[in-house]
Every structure is written in C-alpha cells, then in structure tokens.
Amino acid sequence: MKPLKARALYPSSNEWGIPDLRIDRQAEIVPPVMPWGSRSRGAKMTGTWVFYVDDYRFGALEKQPLQLVATGCNGAAELNFTIYDQATRAEAIWATYRKRAVARQWQDAGINVLVDLNVPEQLRDLCLLGVPLGWRSFATRSYSARPEALRSEWRAAREFAGDALTMLVFSGGPDTEKLCRELPGTVYVPGHWETP
C-alpha cells in the first residue's frame, strides 16, 4: 500500500513542503513598529507588527492568523518562534514551516511581510526555505552583546536582496543603532522598553 501524500495548502519549492512566500507581498517598514501584545489586540494599528516577544504572546495567531489582518496593519514580520542554539534541524524545520504558513496566509489576505532572520546561524539555511531569490524585506531582533550575529544576518539578507535590501532591526540599544549605520539597508527601531 502506498503512503498517502498530504496535499499542500500553498505552493512549495522545497522537499519539506514549507510554503513559498509571494514576492509581490514584501513589506516596507511603515511606522509605528510595534511588538505584538504591546497594545490591545482589538486596537487598530496601521504600521508594522513584530513578534520579538515571548512565544505565548502570539500563540493564538498561529491558530487564527487573520486576527492580525483585523488590526488594519500595513505589514508584519513573520512570527519568531524561539529556536535556541542547541535546537535540532528538525525543530528548525517545524518552526520555519509554522511561521511561513502563517505569513503566507497574511499575504493572501493583503498583508505585506518581512522575513524573520532571528535564528541561530547554523540553522539559517532552513529559515530561508520558501523565500524566493530577489526577496528584499527582512527583520531581526538584535542584542547588543552579539553584534556579529547581526552582521551575519545582514550578509544572509544581502545575498537575497543585493543593494535593494530593507532590514528592520528591532532593539539592541545604542551599540546596535550605531552598527546599523554601517550596514546599508538596515533600519534600527528601538524596543518599546528602551529609552529613546
């Protein structure tokens, strides 16, 4: 007996069935940039949502992705499921599938998307499955103690986007802000808990 083949909800160009993003739905960074959960989920927000918060804050969005559409936002970074340095490749594939499937639903509902790059470097090849070449809109959360991680994420994004890169860098403090001035195409946005 042949095993049943699952029907893919979205087109996929990779062996894992991770959905391909629509290149016509790339986000520009429209202010305000707000972390999910920083205001009421029913409140209107016409800017850009980011998900560099504890996973439980956006868990309901995985089940009901169109809640985000109801906010009236212009765009959103992909969900950032926590993946630690010691995570297996299988865990990274599952997290990538989950965030890419939600992002594709947002795109089909009219929301523009930034690809999340905030994953351990050794798993980054998996986090880019389903991202078409020529993609130019990326996002990450930065940490002042890890500037090399930001440089590495920027290089990975630049391979896709070339000079057309737009990369939202959320948080990290003054050192990160300074580094962003050296990395063409990056836009630094302080975390909502940082002093402007």
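Annotations for the structure displayed:
- Residue count for the stretch 67-94, restricted to those that are touching a residue at least 24 places away in the same chain (Cβ under 8 Å) and either charged (D, E, K, R) or assigned to a helix (DSSP H, G or I) (or both): 8
- Subset of the stretch 152-176 (residues that are under 17 Å from Asp85 (Cα atoms) and either surrounded by 24 or more Cβ atoms within 10 Å (Cβ to Cβ) or among the charged types (D, E, K, R) (or both)): Glu153
- All positions within the stretch 113-142 that are outside any loop (DSSP other than H, G, I, E, B), open to solvent by less than 30 Å² (accessible area, probe 1.4 Å) and not basic (Lys, Arg): Val113, Leu114, Val115, Asp116, Leu123, Leu126, Cys127, Ser137, Phe138, Ala139, Thr140
- Filtered residue count, the stretch 135-165, keeping only those that are among the hydroxyl-bearing types (Ser, Thr, Tyr) and in contact with an Asp or Glu (Cβ under 7 Å, 6 or more places away or on another chain): 3
- When each of Asp85, Asp116 is tested for being more than 21 Å from Arg25 (Cα to Cα) and either among the acidic types (Asp, Glu) or in contact with an Asp or Glu (Cβ under 9 Å, 6 or more places away or on another chain) (or both), the lone residue that passes is Asp85.
- Filtered residues of the stretch 72-92 (kept if closer than 22 Å to Ala149 by Cβ and open to solvent by 30 Å² or more (accessible area, probe 1.4 Å)): Thr82, Ile83, Tyr84, Asp85, Gln86, Thr88, Arg89, Glu91
- Among all positions in the stretch 32-49, there is at least one residue which is more than 26 Å from Arg151 (Cα to Cα) and touching a residue at least 60 places away in the same chain (Cβ under 8 Å).
- Complete set of residues in the stretch 43-66 that are open to solvent by 70 Å² or more (accessible area, probe 1.4 Å) and in a helix (DSSP H, G or I): Tyr56, Arg57, Lys63, Leu66
- Checked across the stretch 165-187, the condition of being part of a loop (DSSP other than H, G, I, E, B), of a type in the set (Ser, Thr, Tyr) and more than 23 Å from Val113 (Cβ to Cβ) holds for no residue.
- Scanning the stretch 11-42 for residues that are in a loop (DSSP other than H, G, I, E, B), within 15 Å of Arg100 (Cα to Cα) and either of a type in the set (Val, Ile, Thr) or open to solvent by less than 50 Å² (accessible area, probe 1.4 Å) (or both) yields Ser12, Asn14, Gly17, Ile18, Pro19, Asp20, Leu21, Ala27.
The values are calculated or read from the model by the stated rules, or taken from the named source; none is laboratory data. This structure is a prediction, so every number in the text was calculated from the model and none was measured. Virtual Cβ from ideal backbone geometry, glycine too; neighbours counted across all protein chains shown. The accessibility values were calculated without ligands, DNA or RNA, using every heavy atom of the protein model including side chains. Shrake-Rupley method; radii C 1.70, N 1.55, O 1.52, S 1.80 Å.
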